[in-house]
Each structure stands twice: as structure tokens, then as C-alpha cells.
Amino acid sequence: MINVAVNGYGVIGRRIADVVLLQPDMKLAGITKVRPDYKANSAFRKGYKIYGTDEKSRKTLSDAGIAVKGVIKDLVSEADVVVDASPEEAGSQNISLYKQLSKKAVFQGGEEQDIAGLSFVAQCNYERALGRQFVRVVSCNTTGLCRVLHSLDENFGVSKANVVIARRATDPDDSSKGPIDSIVLDPATVPSHHGPDVNSVLPNIPIVTMAFKVPTTHMHLHSLMISTREHTTRDKVIETLERTNRVMLVDGKGGFKSTSNIIDLAREMGRPRNDIYESVIWRDSVSVIDNEVYLFMAIHQEAIVTPENIDAIRALVGETGKSESMDTTNKTLGIRT
Ligand SMILES: NC(=O)c1ccc[n+]([C@@H]2O[C@H](COP(=O)([O-])OP(=O)(O)OC[C@H]3O[C@@H](n4cnc5c(N)ncnc54)[C@H](OP(=O)(O)O)[C@@H]3O)[C@@H](O)[C@H]2O)c1
């Protein structure tokens, strides 16, 4: 059993901790918290071992009546792999502890591209992560884009990808950020950081991305315009996307008019926290005009990197092949293949 520590128990860390426990080959060593809030109480009620990120947070948690097992160093010491789900760029401070204790670690997309020496999306480059000490699971938007571009590139050759991303303003648990009544260029300059991030996984795909924030917490929405080297048709593209791992097609005519309908589908499916792990593409939107593929895709920012983190853990341990890992992860999460 791979003993997994989750450092950071926010939007991403909470999901990874729960899903580690669904894996037949993993156990949860524990999680870290800073604040003694309802999320800490929820972890406590689930029976998770809780550690402070430092002495100060250990004391704060303990003073609030939460049983704390120790501090981050104690947790990391007993783990085989650490999933660092701390806030953006905190991983660059935490990495020295993992190095000091010679532990393997999975970082998240908020870290600099070079933190781990390899940016990871399971279906694109699982093999390259086998046995490594560190890997960085890329951000939600990059993960969704890499799955689709990698598949279209393998089948038709992608000569250019242009992507416009309408980004959710913030996550549902965060009432402190906007925009409320505005569309915010994110940034006004071109390209946004997403294209270069895709190139950290798929260096040979020319891509330009533009992004802006809209007042929603549900999902991101991507408009993709992709030039292919080989001639293709709408039917061939749809058939390819239907075969692509962790991609789901939905139909506008079937009632999927918006991202809200996709989150509603997750409720109907009984998915924990309404999570959608797949890149969701509107079948109706898929069009081929003059060798250019057009489509709309929605990304559930809170959930899409969950399966990638689980596969990244197995890749670092180095004892499980890509198909076996992805199949196990998919099965435990209810992802259809
Ligand atoms: N949210 C998304 O949509 C999303 C999607 C994909 C990737 N990511 C990436 O995933 C990472 C985590 O993001 P998130 O949205 O989960 O953040 P988050 O919700 O703010 O959670 C961060 C967690 O880390 C804890 N923490 C604070 N300082 C820490 C430290 N120094 N060491 C360890 N833990 C610390 C916080 O503790 P308290 O709860 O006690 O304050 C909190 O539990 C970031 O790199 C982000 O870019 C986020």
C-alpha cells in the first residue's frame, strides 16, 4: 500500500484525500491544516489524522479542540508520497522538506513549471514520470486542453490551436473574490499563461490562448479552434473524442444548455461534491470548416485534476503501468472508458 500524505486540505487537497481512500493500493497517512475551520472539523469527523503546517497552526488547531497528531515534518516522515495541495507557490517552500526527507511529491498547477522538472497529464506523459521524485500536475484548464489536443494530434496532427477561455471567477467556497458584475480580461495581453503551460506537456503543439474571467463559480468554458494537418470530418472528430480517455460528450439538444446543466448532471450521477472529472465537450458544437476543428469544452476546475493526482502518485512509485493506473483510477471515480 502506498502511504500518501496530503499537504493542504482546500479545494484540491480535500478531494485527493477522499479519493486516495478509494484506491485499492493506497492509504492516507494524514492531512495538514492551518485554520481550525469547518473543513478541519470535517476531516476530524472522517477520522483523518490531522497535522499542523507548522508549530503555530498545530497549537491553533489544538486550542480549538481538534486532535492534532503533530506537524508537517512528522506526517511527511511516515509517507511514501506527498501530494502538495498548498496554495499557489507555497509548494516552492515545502519542497525543501521533501528533499531533506528524500520523499516523493506531487505538486499542483499553481507552482512554477520548473518546480518538479516534469509537468504531468496522465494520458500524455505518464511513462515519463515513472520512478521520478517529483512531478507537477498541471492546472485545470491545461489538463483539459492537453487531453483533447493530445488525442486530436495523435489522430489528425494539430498544426495550430487557438483557444479562448472564459474563466470562472472563483471557487464556490470563496465569497471574497469577484467579479460580480463585470468581465475581467485575464490578462489583457496575449497569450494568457495557459498556452505556454500546455507546451510544458505537449511541446510540439503550436497554441495561443486568450482568457477572461466571468461571474460564475461553476466551471470554465473553452472555445477551441484547431487546425489539423490531415483532412478530417466532423464524424471522425466526434468518433475520436468519444474514444478519448476522460473526455465526455454532451448534447445541447439533450438539455445541456450551460455549465449549470453539467454540474446538475454530476448531482444526478451521485458524484461526490458534484465533481466532473472529465473534459466535457458539446457534441453539437463540434464542426469542421476548411480543415479547422471548432468546439466548446467545459472544465470543472475543482475536480478535473483529481484523477491526474492519483495517477501521478502511482507513476512516482513506479510499479504500475499507465493503462493499469488510469483504469483503476477511472473505475474508482466512476469515469466511463
Ligand atoms: N481551485 C482550483 O480551481 C484549482 C484547480 C487546479 C489546480 N489548483 C491548484 O491547486 C493548488 C491548491 O489550490 P486550492 O484551490 O486547493 O487552494 P485552497 O483551497 O486555498 O487550499 C489550500 C490549502 O492549503 C493550506 N495551506 C495554507 N498554507 C499552507 C502551507 N504553507 N503549506 C501547506 N498547506 C497550506 C490551507 O489551509 P487552511 O484551509 O487551513 O487555510 C488550505 O487547506 C494551487 O497550486 C492551485 O493553483 C487549483
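The values are calculated or read from the model by the stated rules, or taken from the named source; none is laboratory data. Keep in mind the model is a prediction, meaning the values are calculated, not measured. Cβ atoms come from the backbone with ideal geometry, glycine included; neighbour counts cover every protein chain shown.
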Checking 292, 302, 268 in turn, the sole residue that is within 16 Å of the ligand (Cβ to nearest atom) and acidic (Asp, Glu) turns out to be 302
Of (1) buried (at least 23 other Cβ atoms within 10 Å of the Cβ); (2) more than 29 Å from residue 315 (Cβ to Cβ), residue 163 satisfies every one except (2)
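Being part of a helix (DSSP H, G or I) and within 19 Å of residue 223 (Cα to Cα): is that true of residue 262 here?
On the way: part of a helix (DSSP H, G or I): yes; within 19 Å of residue 223 (Cα to Cα): yes.
Yes: the conditions hold for residue 262.
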- residue 88 vs. criteria under 20 Å from the mean Cα position of the chain (by Cα) and either modelled with pLDDT of 95 or more or surrounded by fewer than 19 Cβ atoms within 10 Å (Cβ to Cβ) (or both): yes
Within segment 143-177, residues being away from the ligand (no atom under 16 Å from the Cβ) and either among the small types (Gly, Ala, Ser) or in contact (Cβ under 8 Å) with a residue 40 or more places away in the chain (or both) number 16
Note on residue 152: of the conditions (1) surrounded by 22 or more Cβ atoms within 10 Å (Cβ to Cβ); (2) touching a helix residue (DSSP H, G or I) at 6+ places or on another chain (Cβ under 6 Å), unmet is (2)
Checked against (1) in contact with a Lys or Arg (Cβ under 7 Å, 6 or more places away or on another chain); (2) closer than 21 Å to residue 285 by Cα, residue 206 satisfies every condition except (2)
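Would you check which residues across segment 61-73 are assigned to a helix (DSSP H, G or I) and crowded, with 18+ Cβ neighbours inside 10 Å and list them? Lay out the reasoning, then the answer.
So the first thing to find is which residues in segment 61-73 are assigned to a helix (DSSP H, G or I), and the list is 61-63, 72-73.
Within segment 61-73, 61, 72 qualify.
When you check residue 205 against the structure, is it among the β-branched types (Val, Ile, Thr), more than 14 Å from the ligand (Cβ to nearest atom) and more than 29 Å from residue 127 (Cα to Cα), yes or no? Write out each step before concluding.
On the way: among the β-branched types (Val, Ile, Thr): yes; more than 14 Å from the ligand (Cβ to nearest atom): yes; more than 29 Å from residue 127 (Cα to Cα): no.
Considered against the rule, which asks whether it is among the β-branched types (Val, Ile, Thr), more than 14 Å from the ligand (Cβ to nearest atom) and more than 29 Å from residue 127 (Cα to Cα), residue 205 comes out as no.
Just to verify a result, which residue in segment 287-305, among those that are among the aliphatic types (A, V, I, L, M) and within 22 Å of residue 252 (Cα to Cα), is nearest to the chain's Cα centre (by Cα)? Write out each step before concluding.
In the first step, residues of segment 287-305 are kept if they are among the aliphatic types (A, V, I, L, M); the result is 288-289, 293, 295, 297-299, 303-305.
The next check asks that each one be within 22 Å of residue 252 (Cα to Cα); those that pass are 288-289, 293, 295, 297-299, 304.
Working: 288: 29, 289: 31, 293: 25, 295: 21, 297: 15, 298: 13, 299: 10, 304: 4 Å.
The extreme case among them is 304.
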Among the residues of segment 87-115, the number that are in a loop (DSSP other than H, G, I, E, B), under 21 Å from residue 129 (Cα atoms) and near the ligand (Cβ under 8 Å from one of its atoms) is 4
The number of residues in segment 180-207 that are surrounded by 14 or more Cβ atoms within 10 Å (Cβ to Cβ) and either part of a strand (DSSP E or B) or touching a Gly at 6+ places or on another chain (Cβ under 7 Å) (or both) is 2
The one condition residue 324 fails out of (1) free of Cβ contacts under 8 Å to residues at least 60 places away in the same chain; (2) outside the structural domain of residue 122 (by TED's automatic domain parsing); (3) assigned to a helix (DSSP H, G or I) is (2)
